[in-house]
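Okay, so here's the structure we're looking at.
The values are calculated or read from the model by the stated rules, or taken from the named source; none is laboratory data. These numbers come from a predicted model, not from an experiment. Neighbour counts are summed over all protein chains in view; Cβ atoms, including those assigned to glycine, are modelled from backbone coordinates with ideal geometry. Only protein heavy atoms, including side chains, enter the accessible area calculation; ligands, DNA and RNA are left aside. Shrake-Rupley method; radii C 1.70, N 1.55, O 1.52, S 1.80 Å.
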Amino acid sequence: MTLQRLTRNFLALAGALGLTAIAPVLAQGTPQKGGTLVMVVQPEPPTLAAYQSTAGPVGQVATKVYEGLLEYSFDLKPMPSLAQSWTVAPDGKTVTFKLTPNVKFHDGKPFTSADVQFTVMDVLKKVHPRGVNTFRAVTAVETPDPLTAIFKLSEPAPYMMMALSSYESPMLPKHVFGTGDIATHPNANRPVGTGPFKFVEWQKGQFMRLDRNPDYRKAGLPHLDRVVARFIADAGTRSAAMETQEAHIGGFNAVPPVDVKRLSGLPHIATTYKGYEMQAPIVQLDFNTTKPPFNDARVRQAVAYAIDRQFVIDNVWFGFGKPATGPISSNFKANGLYTDQVRNYNVKNGVEMANKLLDEAGKKRGADGVRFEIVHDVTPYGEEWRRFGEYVQQQLAKIGIKATLRYEDVPAWLRRVYTNYDFDLTNNWIQTLADPSIGMHRLYHSNTIKAGTVFVNNSRWTTKETDELMNKANVETDPKKRAALYHDLQKRIVDASPLVFVHELNFVTVYNKRVNNFPVSPLGLYSAMDTVWLAK
């Protein structure tokens, strides 16, 4: 779609919503009421069922509608949300939440402990991609009264307390979702939550509209009248929308890295790296390890050696990142969980090493120089992923692997990679989040091989030894012992190379200087944004 046509469509929407022209006026410090925040989201979410899909774009919109029991400060400490207080028993096996009183769902019904029980036991434990690990120790949620929810655990699960945000564990109304099949529920794309904004409409391929919740539990909030998420497929058009001030904010590379530096020089544009602290994303290549040729670790290692990580960072992501060494982000260096004492694939003679391994694996070159052919599925998240796919294709050609690129829309790609397992190799990025138990275990543990559940163990690689290390780390409360377990785990996973760890991605959010009080949490665009306001 051209920018001119997009502009006409948006101006029509603006007139319908009573918007005024955007001018680069700086804030005076006092929150101002009203206005519509226009947020560029790329790609368009495949669903609004945040309890079932952790696809990046879903979290950007659903967290304005749903809330979690807790939110988090920039020092990663839990803060009250739908739970106003909580107590963890000395043995770690009982967690009691006192719920915030007088909270209503968007349909006017009260939020109670019964909704917590239903959400955790009947939804998140069963269909949420990370919930299978987050709540695996929860055996029951007791509800002695409407404002008390008591989590009973089979073992201590300290990581669970880092996974109770609106993004990670959205609380659902039992009276809505308790009837029917949760996997195909009619309200999946007509969400009913307790958040600061109410779902109004979704015009596919165009925009999604969320309006102010007048009964929101926080008096005087939200400041905004509404949030409109715009879906613009063309990267240049997204950048132009920010430049011409038709959109206010875009993160997660919605504004392509190649345009960030230019836009940041404009007087009305600001940028920030804040708001991604709880996400720790790693760009990777995922193998289907259950069938040839990638059922052979030597072949997987060869691909890992062939990738020049710094080249990818500099030429595809324009400097936004640092080389990854393994499954745990270097963000975890501070608490000792990260180690770089693993096999190093990022070497100068990587192509030579790769060719040697493929020869050893018996993958000889044919007369045309080709050892074998594969299909490389490209993540449908924007132009940089296409460029990354093209780079991988070129590098694989150097080691005798002929790769054909395939680019599908988000639902088709998710179905192929996480339901049908009909792929050889795909590029991807995964958030390792606030604790390895939440963000990393799902990619390697045998209990997360679940067809139809997205962003879990699609490689289907697993071993008894690595499962046991993760099981022990889940319940280990001694920091030094837990770190030792994760150091051993990283070495084993990197050696086996079920994935290629390419780089730790630095996302940047680009926003109009009219946008104030952003970000307010380490979840950035994955937060409610109830305190965000627009200068007039």
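Considering only protein heavy atoms, what per residue accessible area in square angstrom results for the chain with a 1.4 angstrom probe? List each step's numbers first, then the result.
On the way: 19930 Å² over 536 residues.
For the chain, the solvent-accessible area averages 37 Å² per residue.
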Taking the Cβ-Cβ separation of residue 155 and residue 421 as r and a Förster radius of 25 Å, what is the calculated FRET efficiency to the nearest 0.05?
0.20
Once the piece of chain linking residue 175 and residue 200 is laid out straight, how much longer is it, given 0.36 nm per residue of separation minus the C-alpha distance between them?
7.0 nm
Using only protein heavy atoms and a 1.4 Å probe, report how much of residue 246 is accessible, in Å² to the nearest 10.
30
Per-residue counts of other Cβ atoms within 10 Å, averaged by peptide: what ranking do you get for 453-466, 181-194, highest first?
453-466, 181-194
Residues of type lysines that residue 364 reaches as a straight line, Cα spacing below 24 Å, ignoring anything fewer than 8 places off in the same chain:
291, 348, 356, 398, 402
Expressed in nanometres to one decimal, the distance between label points 7 Å along Cα→Cβ at residue 506 and residue 76 is 1.9
Could the peptides 282-288, 369-375 be put in order, highest first, of the mean number of other beta-carbon atoms found within 10 Å of their residues?
282-288, 369-375
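Determine the relative contact order of region 305-396: mean sequence separation of Cα pairs under 8 Å and six or more apart, normalised by residue count, in whole percent.
After rounding, I find 31 percent.
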Compute the distance in nm between two label points, each set 7 Å from the Cα along the Cα-to-Cβ direction, one at residue 402 and one at residue 333.
4.3
Within the accessible area of region 246-390 (1.4 Å probe), percent carbon and sulfur:
49
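Hey, with R₀ at 25 Å, roughly what FRET efficiency would residue 349 and residue 291 work out to, going by the Cβ-Cβ distance, to 0.05?
For residue 349 and residue 291, the calculated efficiency is 0.30.
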The aspartates and glutamates whose Cα lies under 16 Å from the Cα of residue 536, excluding any fewer than 8 residues away in the same chain, are 225, 246
With a ≥ b ≥ c the root eigenvalues of the C-alpha gyration tensor of region 387-536, is it rounded (a/c under 1.5), prolate (a/b larger than b/c) or oblate?
oblate
Highest to lowest packing among 133-140, 53-60, scored as the average C-beta count within 10 Å
53-60, 133-140
Taking the Cα centre as origin and putting +1 on Lys and Arg beta-carbons and -1 on Asp and Glu beta-carbons, what dipole magnitude results for the chain, to the nearest 20 debye?
320
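Based on the alpha-carbon gyration tensor of region 368-421 and its eigenvalue square roots a ≥ b ≥ c, which shape applies: rounded if a/c is under 1.5, prolate if not and a/b is larger than b/c, or oblate?
Values: a/c = 3.72, a/b = 1.62, b/c = 2.29.
It comes out oblate by the Cα gyration axes.
Quick check for me: using +1 on Lys/Arg Cβ and -1 on Asp/Glu Cβ, what's the dipole size of region 100-208 about its Cα centre, in debye to the nearest 20?
On the way: 11 positive and 9 negative charges, 42 e Å.
Computed about the Cα centre, the dipole is about 200 debye.
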Based on the Cβ-Cβ distance of residue 184 and residue 367, what FRET efficiency does E = 1/(1 + (r/R0)^6) give at R0 = 41 Å, to the nearest 0.05?
0.20
So residue 451 and residue 30, fully extended at 0.36 nm per residue minus their Cα-Cα distance, gain in nm 146.6 nm
Hey, rough spin-label estimate for residue 218 and residue 360, points 7 angstrom out along Cα→Cβ, what's it come to in nanometres?
5.5
According to the square roots a ≥ b ≥ c of the eigenvalues of the Cα gyration tensor, what is the shape class of the chain, taking rounded for a/c under 1.5, prolate for a/b larger than b/c otherwise, and oblate for the remainder?
oblate
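Which value, in debye to the nearest 20, gives the size of the charge dipole of region 441-533 about its Cα centre, when Lys and Arg are +1 and Asp and Glu are -1 at the Cβ?
Working: 12 positive and 9 negative charges, 29 e Å.
Roughly 140 debye, rounded to the nearest 20.
Roughly to the nearest percent, how much of the accessible area of region 476-536 is carbon and sulfur, given a 1.4 Å probe? List each step's numbers first, then the result.
Details: 890 of 1850 Å².
Here carbon and sulfur together make up 48 percent of the probe-accessible area.
Over region 144-292, what is the mean sequence separation of C-alpha contacts under 8 Å (at least six apart), divided by residue count, expressed as relative contact order in percent? Walk me through the numbers on the way to the answer.
Working: 93 pairs, mean separation 15.7, N = 149.
It rounds to 11 percent for region 144-292.
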